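The structure appears below as structure tokens.
The values are calculated or read from the model by the stated rules, or taken from the named source; none is laboratory data. Remember, it's a predicted structure, so these values are computed and weren't measured experimentally. Cβ placement follows ideal geometry from the backbone for every residue including glycine, while neighbour counts extend to all protein chains displayed.
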Amino acid sequence: MNKKPKISKEIMALRRSKAYRKAYLDSEFLTSDELRPVRLQLELQKPEMTLAEYGVKSTVVVFGSARIWDKKQSDDRVTEIQALLRKNPKDPVLKNKLASVKGLQRSTKFYDVARDFGRLISASDALKDRKLVVVTGGGPGIMEAANRGAHDAGARSIGLNITLDMEQGPNPYVSPEFCFRFHYFAIRKMHFVMRARALVVFPGGFGTMDELFEVLTLVQTGKKSLLPIVLVGEEYWTDVMNFANMAKWGYISKEDLKLFSYAETGAEIVKRIEDFYKAHPLANGK
């Protein structure tokens, strides 16, 4: 019987060398600066292939602050910071945090609205032919609420999480098969827009503004087909953003003010979307 030749120590050392690793199994190689284009493509392809496998072609995108909790979460957060402040009454950071979370308590209503909307849109008879799937950033706050509403309706929903130092992981209401994680904002934002047939935007900060204005710009310039864009909480939006003055100064046209509408409740948001598609039955939101 032929015996296998003995492998020398030198050959064993070569097989353990970095250069000998298969390229697609070499994490150090794959995470190098030079391979960034490959990583961008992989982040594009993985969700694309998964969503295609499940037949997801149309989504309703929900943006909004991660800082908007339900009433219990909000009250608990205030209590927690108050307890910390009693131990360190002169701490300026804690004082600012307490003021911030107290200010956000009035926004807990938006959590309820987002949850109600997620449930209603997932079960809408008027939009059942469009098979709209709720998609959020997959995190806490408004994102959690919208995913939770879809979960209440027994529907799948998507979460496009992103790796950030200060952000938590995915909320528990995202469907496991649609729980994606991104490194690159650009690719994540592409996935928000690619299948979007409606956009719903709740109050939020820099991130929410960035996401809203990206879609408004794409629609304004014709890179994205017309779709219903609903801003929730008119008091907030008209206070922080004076769109009318942008038109007055000539930086947008008055017609651009028709690219979005306002709503206050989950039912009103659904109606805005339903009314849009009654008026634009052939719209496909490329």
(request) Residues that are closer than 30 Å to Lys128 by Cβ: find the helices (runs of 4 or more DSSP H) completely inside the stretch 182-266 holding 3 or more of those. (result) 185-194, 206-220
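Just the residues that are in contact (Cβ under 8 Å) with a residue 40 or more places away in the chain and either farther than 23 Å from Asp116 by Cβ or part of a loop (DSSP other than H, G, I, E, B) (or both), please, taken from the stretch 137-155.
Those that are in contact (Cβ under 8 Å) with a residue 40 or more places away in the chain and either farther than 23 Å from Asp116 by Cβ or part of a loop (DSSP other than H, G, I, E, B) (or both): Gly137, Gly138, Gly139, Pro140, Gly141.
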(message) Among the residues of the stretch 154-176, what is the count of those that are aliphatic (A, V, I, L, M), buried (at least 16 other Cβ atoms within 10 Å of the Cβ) and out of contact with any Phe, Trp or Tyr (no Cβ under 8 Å at 6 or more places or on another chain)?
(response) 2
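To keep it simple, each residue is scored yes or no on (1) in contact (Cβ under 8 Å) with a residue 12 or more places away in the chain; (2) touching a Pro at 6+ places or on another chain (Cβ under 8 Å).
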position	(1), (2)
Tyr236	yes, yes
Asn242	no, no
Asn245	no, no
Lys254	no, no
Phe260	yes, no
Gly266	yes, no
His280	yes, no
(message) Checking Ala23 against (1) modelled with pLDDT of 90 or more; (2) among the small types (Gly, Ala, Ser); (3) over 30 Å from Arg181 (Cβ atoms): exactly one of these is not met. Which one?
(response) (3)
(message) Take the conditions loosely packed, with under 15 Cβ neighbours inside 10 Å and either under 22 Å from Pro170 (Cα atoms) or in contact with a Ser or Thr (Cβ under 7 Å, 6 or more places away or on another chain) (or both) and apply them to Gln41. Does it pass?
(response) no
(message) Here are the criteria: (1) farther than 26 Å from Gly55 by Cβ; (2) surrounded by fewer than 17 Cβ atoms within 10 Å (Cβ to Cβ). Tell me which single one Phe110 does not satisfy.
(response) (2)
(request) Give Ala283, Ala267, Ala244 a once-over and let me know the one that is of a type in the set (Gly, Ala, Ser) and either in contact with a His (Cβ under 8 Å, 6 or more places away or on another chain) or not assigned by TED's automatic domain parsing to the domain that holds Ala150 (or both). (result) Ala283
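If you go through the stretch 64-76 one residue at a time, do you hit one that is closer than 17 Å to Glu144 by Cβ, touching a strand residue (DSSP E or B) at 6+ places or on another chain (Cβ under 8 Å) and either assigned by TED's automatic domain parsing to the domain that holds Leu132 or without any contact (Cβ under 8 Å) to a residue 12 or more places away in the chain (or both)?
Our first condition is that a residue be closer than 17 Å to Glu144 by Cβ; within the stretch 64-76, this holds for 64-76.
Okay, now just the ones that are also touching a strand residue (DSSP E or B) at 6+ places or on another chain (Cβ under 8 Å), so 64.
Now restrict to residues that are either assigned by TED's automatic domain parsing to the domain that holds Leu132 or without any contact (Cβ under 8 Å) to a residue 12 or more places away in the chain (or both): 64.
Yes; the residues of the stretch 64-76 include at least one that is closer than 17 Å to Glu144 by Cβ, touching a strand residue (DSSP E or B) at 6+ places or on another chain (Cβ under 8 Å) and either assigned by TED's automatic domain parsing to the domain that holds Leu132 or without any contact (Cβ under 8 Å) to a residue 12 or more places away in the chain (or both).
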(request) Specify the residue that is surrounded by the most Cβ atoms within 10 Å (Cβ to Cβ); the eligible residues are those in the stretch 194-203 that are under 16 Å from Leu259 (Cα atoms) and of a type in the set (A, V, I, L, M). (result) Val200
(message) For Met209, only one of the following conditions fails: (1) within 13 Å of the chain's Cα centre (by Cα); (2) on the phi > 0 side of the Ramachandran plot. What is its number?
(response) (2)
(request) Restrict the check to the stretch 213-230 and report whether at least one residue is of a type in the set (Phe, Trp, Tyr) and within 18 Å of the chain's Cα centre (by Cα). (result) yes
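Looking only at the stretch 42-88, filter to residues that are in a helix (DSSP H, G or I) and among the acidic types (Asp, Glu); which one of those is farthest from Tyr277 (Cα to Cα)? So that I can check it myself, show each step before the final result.
To start, the set of residues in the stretch 42-88 that are in a helix (DSSP H, G or I) comprises 42-53, 71-87.
Add one more test, that the residue is among the acidic types (Asp, Glu), and what stays is 43, 48, 53, 75-76, 80.
Numbers: Glu43: 31, Glu48: 25, Glu53: 26, Asp75: 39, Asp76: 41, Glu80: 46 Å.
Here the residue is Glu80.
With the requirement that a residue be among the aliphatic types (A, V, I, L, M), within 30 Å of Ala186 (Cα to Cα) and either over 29 Å from the mean Cα position of the chain (by Cα) or not in a helix (DSSP H, G or I) (or both), what does the stretch 9-41 give you?
Ala23, Leu25
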(request) Quickly run through the stretch 109-134 and pick out the residues that are closer than 16 Å to Tyr277 by Cα and without any contact (Cβ under 8 Å) to a residue 12 or more places away in the chain. (result) Asp125, Lys128, Asp129
